[in-house]
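Scroll down for the structure; my scribbles are underneath it.
The values are calculated or read from the model by the stated rules, or taken from the named source; none is laboratory data. Note that the structure is a prediction, hence the values are computed from the model and not measured. For neighbour counting, all protein chains shown are included, and Cβ atoms are generated from backbone atoms with ideal geometry for every residue, glycine included. Please note that ligands, DNA and RNA were not included when accessible areas were found on the heavy atoms of the full protein model with its side chains. Shrake-Rupley method; radii C 1.70, N 1.55, O 1.52, S 1.80 Å.
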Amino acid sequence: MKAYIRAASCISPQNTFGDSVFLSDVVECTGTRLRAIEPDYKTFIDPKLIRRMSHIIKMGVATAQDCLSKANVEMPGAIITGTAFGCMEDTVSFLTRIVEMQEEMLPPTAFIQSTHNTVAAQIALMLKCHNYNNTFVHKGVSFENALIDGLMLLNENEAKNVLVGGTEEMVDTGFTILTRLGLYKRHPISNLNLFAEESKGSISGEGAAFVLLSKEPSNQNMAELSDLKIFYKPKDQSAIEQQVNKFLSANNVDIADIDLIITGKNGDIKNDEVYKNLANSIFAGKALGNYKHLCGEYPTANSFALWLATNCIKNESVPLIVADGDIKPKKILIYNHYQNIYHSLTLVSAC
C-alpha cells in the first residue's frame, strides 16, 4: 500500500508551524520537558470556542486546518487520528473535581472532552464533515495504525483523500508520574546535548502533526508514503534486522538505495542500545538522522518524524541539526520503537 502526501503541518517544541522556514531557527531548551510552541489560534478557531478547548484539542484542530489549507482541500474524505494518552488535561481536571466535589454536581465539560476521540470529533464538527472518522489508541503505535487505516481506505477506494494526524499533550500530573516510572531524566539537560551523555531516561515532548494522504499523483504532492510496517516485541537484535530486511525486500528496495535513516534515538541509554547495534550492523555506513532532541519523547512522536522526512524530501535537503553532511534524499527510512515494545518502519520516497 502506498499513498502521496499532499500536505503536512506540525505544531511542536520547534518553530515548525505555518510558513516557518524548515528548521532554520532551532529552539534550545534546558530541562527535562519540551513544550509546544503554540500559534495564534484565533486564525484557525472561533475565539468563542477556544476558551472551552484544552491544549491538545487546540493543537490538533489548528494543525488539521493548516494541513487542509496547504493542500487546498475543504472537505477530507476521512479524518483519522492517533493518540496514546488522549486529552490528559481534561482527564486530570475531571478526576480532580470528582475528589474535590465528593462526586456530586460535577460540571460535564471536562468529562465530555476527556475522551481520546475528541480531537478527531472536534475537527469534523468544525468542518461539518460527516465522512469516516476514527481514532486509534494503540500506545506507541497509535499514529502508525492511523496511517495504516488511511492507506487501507485509499486502497479500497473508500476515500479520495484522508487527513491523518498524531496528537499528544503533556500535563504536570502526567509528567510527574512518567518521570517516577523512569521515562524521563531526573536532571536538567539541553535538548541539543541530549545524545552527548549516556544516562537513564529521555526528555518529555508533545505536539501535533497531520498529513493529507491522496491516491492521485500531482505536482503538488510533497512526497510518497511508500509503505509502513509495525511489529511487536522482537525477541532480539537479529529479529529486528530480519524485519527491516523483509520490509525493504517487500518494496524492492535495497539498503544501499536508502539515502537517510531517521531513528527514534531519545537519549535513554537502554532505548538507544537498539539503534546503536543497528548502526554497527545493517545500518553501517548509512547516513543516520535523529529527531527526538527537537520534539521530545512521546508515544506519537513518529508523526513529527513523518513531517520531518516529508519536508526533507520536498526541500531536497536535510537540516544539519538532524543529520551531518550534504544529503539530498530521495528515499528515507524511519525506524522508531517505543520502550522496545512497539516498533515501526516507514518508507518515504520522492514522487
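Counting protein heavy atoms only, the chain has 50 percent of its accessible area on carbon and sulfur, 1.4 angstrom probe. Between Ser281 and Thr176, the distance separating the two model label sites (each 7 Å from Cα on the Cα→Cβ line) works out to 4.2 nm.
Placing a pseudo-label 7 Å from each Cα along the Cα-to-Cβ vector at Glu316 and Gln339 gives an inter-label distance of 4.4 nm.
Rolled with a 1.4 Å probe across the full set of protein chains, the surface gives His187 an accessible area near 70 Å².
Do the sum for the chain: with -39,500 (n - 2.57) for every DSSP H run of n ≥ 4, divided by all residues, what is the mean residue ellipticity at 222 nm, to the nearest 500 deg cm²/dmol? Intermediate results must be reported in sequence, preceding the final value.
Details: 11 runs with 114 residues, N = 351.
Computed ellipticity for the chain at 222 nm equals -9500 deg cm²/dmol.
Using the structure shown, select from Lys128/Lys229; Lys2/Lys292; Lys160/Lys331; Lys246/Lys286; Lys265/Lys330; Lys246/Lys330 the pairs with a Cα to Cα distance greater than 29 angstrom. Working shown, then result.
Details: Lys128/Lys229 32 Å; Lys2/Lys292 26 Å; Lys160/Lys331 25 Å; Lys246/Lys286 18 Å; Lys265/Lys330 22 Å; Lys246/Lys330 20 Å.
Pairs exceeding 29 Å: Lys128/Lys229.
For the chain, the gyration tensor built on C-alpha atoms gives an oblate shape. Its axis ratio a/c (a ≥ b ≥ c) is at least 1.5, and a/b is not larger than b/c. Per residue, region 3-214 exposes 45 Å² of solvent-accessible protein surface, assessed with a 1.4 angstrom probe and all protein chains in place. Restricting region 182-215 to chymotrypsin sites (Phe, Trp or Tyr not before Pro) that sit in a DSSP loop and have at most 16 other Cβ atoms within 10 Å of their own Cβ leaves Phe195.
Packing, as the average of other Cβ atoms within 10 Å across residues, places the peptides 165-177, 322-334, 75-87, 31-43 in the order 75-87, 165-177, 322-334, 31-43, highest first. When peptides 10-17, 199-206, 100-107 are ranked by their average number of other Cβ atoms within 10 Å per residue, the highest-first order is 10-17, 199-206, 100-107. Across the chain, C-alpha contacts under 8 Å between residues 6 or more apart give a mean separation that, scaled by the residue count, equals a relative contact order of 24 percent. Only Lys, Arg, Asp and Glu carry charge here, each on its Cβ (+1 for the first two, -1 for the last two); on that basis the chain has a dipole of about 200 debye about its Cα centre. With a simple spin-label model that places each label point 7 Å from the Cα along the Cα-to-Cβ direction, the separation between His187 and Ile98 comes to 3.9 nm. With a Förster radius of 45 Å applied to the beta-carbon distance between Ser199 and Leu106, the computed FRET efficiency rounds to 0.60.
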